[in-house]
Structure formats: C-alpha cells, structure tokens
Amino acid sequence: MLVLASASPRRRELLAQAGYSFEVHPAHIPEEPYPNEDPAAYVTRLAREKAQAVYNELGDPQATVLGADTTVALDDLILGKPESPADAARMLRLLSGRTHRVLTGVALVTATSTEVAAEVTAVQLLTLTDEEIDAYIATGEPMDKAGAYAIQGRAARWIPRIEGCYFNVVGLPIALVSSLLKARP
C-alpha cells in the first residue's frame, strides 16, 4: 500500500496522473528550516520526517510512505510559502528577472528502509512590474505556494525557461519518485 504523506492537491494529481494507486495521510510536522540549513538538506530532511511520522502513525508494516517537500531557493535563501500578501510580494520581487532553483526532497519509508533523494530545477522568471505582482497576489494563487508562484497557474506567462523536471516545480518529481518506488526492496 502506497501512502502519500501530503495534503497537496498537486501531488495527488501528479501521482494519479502517473497511474499510481495510493491513500492520502497528511503529515503534521513543523516545517521551519534550521539556522543556516542548506535548501537541499532542508527539503530532504522534511520529506524524511513527514514520511517517517506518517509511517509511525499508521503502524502498518506493509505500508510504503511517500513524503515530499518543495521549496524555492535564491542562492541559499529559502523561500517557502508566503505568510502574508506582503511576504508574497517580497518573494516575487526577489525572484523577478532572475533564475532560481526549485528543490523537492522525496522520501520513501518502509519497514526495512528509508530512501531519500532530491530533484533540482532551475527556473527563469521574467522581470515583473509592481502592478503585475499586485494583480497576481490579488488572485490568491501565490498564497500556498513555495516562492509565491505556481508554474502550472497564472505565473506560467512569466517563465520562459526551465532546466530540469517540470513536475518538480509543480511539487513532485514523478520520474524520481517512480525510480525510488521501482528500486525499493
């Protein structure tokens, strides 16, 4: 039995689109980065903690629990989900006209193993005007997204180029997850 340790509708859609059968059991853990924590270490730690917490809650030795966490990094600055519209505007201004990284950590926890990996995608964002940023924030779309934007939503018009996995930017690198699932003991 595959269990997704996430409440993300995007992760559910991507797993289903890839043909996986699974149950959803969201993890409830603190998601604050440690002081000076590297973005890759941050997302892999959270993915592992989410998967392990749900595995422990289920108490089913047959379960395979998939945990994931996505963040946006500008250099080594971690940009998680915005806390307010003003925070979303701050993030979008930082990303405007620059290339940043989207990192997703994934973890598979079973009775016999814990596998952890990360995917990194470079994303180029066009230069945004204050009016564009304000109008985008007014849609509400940026408020529950790492880095305050959704590549699969309205922000698509500002992203001329990515290098790496598109699905990683949406929130779950399906090819990486598939490889981990195939390799599990």
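Would you pick out the residues in segment 67-101 that are over 26 Å from Tyr55 (Cβ atoms) and touching a strand residue (DSSP E or B) at 6+ places or on another chain (Cβ under 6 Å)?
Residues satisfying the conditions are Val72, Ala73, Leu74, Leu79, Met91, Leu94, Thr99, His100, Arg101.
Considering only residues of segment 6-25 that are under 14 Å from the mean Cα position of the chain (by Cα) and assigned to a loop (DSSP other than H, G, I, E, B), which is surrounded by the most Cβ atoms within 10 Å (Cβ to Cβ)?
Ser6
Is one or more of the residues making up segment 67-83 closer than 30 Å to Thr129 by Cβ, hydroxyl-bearing (Ser, Thr, Tyr) and in contact (Cβ under 8 Å) with a residue 60 or more places away in the chain?
yes
In the set Thr99, Thr71, Thr110, which member is surrounded by 21 or more Cβ atoms within 10 Å (Cβ to Cβ) and at pLDDT 95 or above?
Within the list Thr99, Thr71, Thr110, the selection yields Thr71.
Pick from segment 42-66 the residues that are in a loop (DSSP other than H, G, I, E, B) and touching a residue at least 40 places away in the same chain (Cβ under 8 Å): which of them is surrounded by the most Cβ atoms within 10 Å (Cβ to Cβ)? Lay out the reasoning, then the answer.
The first filter runs over segment 42-66 and keeps only residues in a loop (DSSP other than H, G, I, E, B), leaving 59-63.
Adding the requirement that they be touching a residue at least 40 places away in the same chain (Cβ under 8 Å) leaves 60-63.
On the way: Asp60: 12, Pro61: 9, Gln62: 8, Ala63: 18.
For segment 42-66, the residue satisfying everything is Ala63.
Pull out all pairs, ordered by first then second residue, where Cβ-Cβ is under 7 Å, the residues are six or more apart or on different chains, the first lies in segment 137-150 and is in contact (Cβ under 8 Å) with a residue 12 or more places away in the chain, and the second is among the basic types (Lys, Arg).
Listed pairs, sorted by first residue: Thr139/Arg154; Glu141/Arg154; Asp144/Lys81; Lys145/Lys81; Ala146/Lys81.
Filter the helices (runs of 4 or more DSSP H) completely within segment 123-185 down to those with at least 2 residues that are hydroxyl-bearing (Ser, Thr, Tyr).
174-183
The values are calculated or read from the model by the stated rules, or taken from the named source; none is laboratory data. Please read all numbers here as calculations on a predicted model, not as lab measurements. For neighbour counting, all protein chains shown are included, and Cβ atoms are generated from backbone atoms with ideal geometry for every residue, glycine included.
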